[in-house]
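A.B. asks: Sharing a structure below in structure tokens format, with a few things to ask.
Derivation of every value follows stated rules applied to the coordinates shown; laboratory data play no part. Bear in mind that the values here come from a model prediction, so they are computed numbers and not experimental data. Note that we place each Cβ from the backbone using ideal geometry, even for glycine, and neighbour counts take in every protein chain shown.
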Amino acid sequence: MQQVEIRAEIDRESNAIRVTTKFVKKFRIYLHDSMLDLDRPISVTVDGRSPVKKTAKQSASVLLESALRDREMLFTAAIDVDVRMHVKLRRGPSAPRGCGTPDSPFLGQFGEKLGKLTIEVPAAPDFGQPKP
């Protein structure tokens, strides 16, 4: 089985997120105002490809979703990222809402909690029964 990896770095000054992935198709980044300026477009760079501008709209549903997962880390906005869209260097539809497995926190340069990522792990191939 392939080891799934994801690392993210947030730069508040440039309102950008840089992400490196390995064997990841889609993920969700949970955000709040102290992490980035959510009123401006956010530049998301995945695996060194051309950055894509994303909008993180704050919503009560994201706040509720984050509260149900972890009441100590509340987030008001989320960005869904489809890695395949970044590879093709074109803008595409966002990842489906609620995709992936339970989120896990990622840390900044100094160990502060920056946000959470939800990672969709590729399913193992289904070899099933041989076709006649």
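A.B. asks: Report the GluC sites (Glu not before Pro) located in region 1-70 that are in a DSSP loop and have at most 13 other Cβ atoms inside 10 Å of their Cβ, or state none.
C.D. replies: Counting only loop positions with at most 13 other Cβ atoms within 10 Å, the GluC sites (Glu not before Pro) in region 1-70 are GLU13.
A.B. asks: Once amide H atoms are placed 1.01 Å from N in the peptide plane, what residues at a sequence separation of 5 or more from LYS25, or on another chain, have their amide H within under 5 Å of its amide H?
C.D. replies: The answer is GLU120.
A.B. asks: Now for a different question. Compute the signed sum of charges (Lys and Arg +1, Asp and Glu -1) over the other residues within less than 14 Å, Cβ to Cβ, of GLY48.
C.D. replies: +2
A.B. asks: Can you tell me how much longer the chain between MET73 and GLN2 gets when fully stretched, taken as 0.36 nm per residue apart minus their C-alpha distance, in nm with one decimal?
C.D. replies: Full-extension gain reported as 22.6 nm.
A.B. asks: Which of the peptides 14-20, 46-52, 78-84, 27-33 is most tightly packed, and how do the rest follow, judged by the mean count of other Cβ atoms within 10 Å per residue?
C.D. replies: The peptides rank, most packed first, as 27-33, 78-84, 14-20, 46-52.
A.B. asks: Roughly what % antiparallel, to the nearest 5, for the DSSP beta bridges in region 10-71? Mind showing how you got there, number by number?
C.D. replies: Details: 5 of 9 bridges.
The antiparallel proportion sits near 55 percent.
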